[in-house]
């Protein structure tokens, strides 16, 4: 009896010890949480009257590396919003550049994969653009917590998408006092009124002077301080710079001037340091399912990934939905819709009036699958389109890597000029490993005109590899072409019949062949 009592007493003591341990552990967790919350609040807070400045850079232009070096000279850091799909392409920062910038204490933020206006694409495409850009940069080793809207375009739906992708904040391109808005508030609050629409004094462009930059800061200082995020793009000089640029000397002079204001209480922080939200986490998002060419007959207009029912009111100058202009080299080309259609009401026409080099074409919009064509690596695809052309043409094909980068891939053999509607089909090589999207179109690479309609794509296996391997089928329309059409259809029917017979013969032979488990 006493032994059982001692056992019960020991068990009670162990339970009491376990309870005490759990209470202590819970208290420790609460203490850590309180300490973390206090640290975050302290980091995000500012002294009364203090002005906080953030240097932010959009797009990931290659010349922004120079800006990072200037900031480092004065002990400052910036936030670089990167177009994930542009990394490593001509004119943009490379992954090595991003690592160098991040190693200097700068923040890497996201600016979508393809730099599309998220208010003008389908919701699913907007979600892919926001989430996959962050996930890609995260897989490259960066802690991505901040986002900037392409073209500063946002609405409540897009803001909710960005928040759901795991970002702590998103920056817009206006809302604070500057030349275009003299009545706006001088500075953003800390914490911001809406962390997914952080206001700025506008986007710095070639019209901004050193005095304008200084005035934005001193205006905030005179009005009680606050947060002033500045928006930069190119840091360059010369005729090749775009409108959204600042001369390197002006940028360096402003950084030097701002460094001397720290003794007055004006400090420089990255966006993440000001917002100081949650730890970064990866958010999965569904990829686009397989589909054919969207709006392959050019009947719909608009930039949205969704259908546009009000298509009949659109004019010839409107760009068809899901299509974009593509060109390179030195040439003068005009793109337009035309009533000279193969089917339906509209077709697309390219007219080149002068040509020195390169080409002009229409391509499915470079995105993550709303308009571009999801494909499977190692498979071949049959491309199709009807065309009329005064000059030779050929298919130009681009592919998208898993990081969202678009790369020129290959071209078809030349197609002869055609005065009447002509069908061209061509089978691509096998899609390379690491590729998940295609965009293609017929290109014009000389003076002349090219009219196209009824684009299509299908896996080559649906047609039989024997019929299309490396072959361009040309059908000539009109009186002569009608006979060619029937001839082509008869040839296809014969080929299909022969293929079916061969497959049937192979099945019979396999059925008659002895099984590997049969007795000799």
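Once the C-beta distance of residue 433 and residue 120 is scaled by a Förster radius of 25 Å, the resulting FRET efficiency is 0.15 to the nearest 0.05. Share of Cα-Cα pairs in the range 360-471 beyond 21 Å, in percent? Every Cα pair in the range 360-471 considered, those over 21 Å come to 35 percent. Just so you know, the Cα atoms of the range 148-256 work out to an Rg and Dmax of 14.8, 41 Å. The protection proxy used here, the mean number of other Cβ atoms lying within 10 Å of each residue, ranks peptides 210-221, 168-179 as follows, highest first: 168-179, 210-221. If you take the square roots of the eigenvalues of the alpha-carbon gyration tensor of the range 42-140 and sort them as a ≥ b ≥ c, do you get rounded (a/c under 1.5), prolate (a/b over b/c) or oblate? Taking the square roots of the gyration eigenvalues as a ≥ b ≥ c, the range 42-140 is oblate. Based on C-alpha pairs under 8 angstrom that are at least 6 apart in sequence, the range 52-110 has a relative contact order of 40 percent. In plain terms, the bigger the Kirkwood radius, the slower the diffusion; for the range 42-275, with that radius from Cα pairs, at 20 °C and 1.002 mPa s, Stokes-Einstein puts D at 122 µm²/s.
Going by neighbour counts of Cβ atoms within 10 Å, the residues 73, 123 line up, fewest first, as 73, 123.
Cβ crowding within 10 Å, taken as a proxy for footprinting-reagent exposure, orders 342, 256 from fewest neighbours to most as 256, 342. Beta-bridge orientation, the range 38-197: approximately 10 percent antiparallel, per DSSP, counting only bridges with both partners inside. Packing around the peptides 443-450, 105-112, taken as the average count of other Cβ atoms within 10 Å per residue, puts them in this order, highest first: 105-112, 443-450. Placing R0 at 56 angstrom, the Cβ-Cβ distance between residue 95 and residue 420 gives a FRET efficiency of 0.65 after rounding to 0.05. Among 55, 251, a tally of other beta-carbon atoms within 10 Å of each Cβ gives an order, fewest to most, of 251, 55.
Here the translational diffusion coefficient of the range 381-443 follows from Stokes-Einstein with Rh set to the Kirkwood radius across Cα pairs; for 4 °C and 1.567 mPa s it amounts to 103 µm²/s.
Just so you know, all these numbers are worked out from the coordinates, no wet-lab data involved. Computed from a prediction, not measured in an experiment: that's the story for all the values here. With ideal geometry, Cβ positions are generated from the backbone for all residues, glycine too; neighbour counts draw on all protein chains shown.
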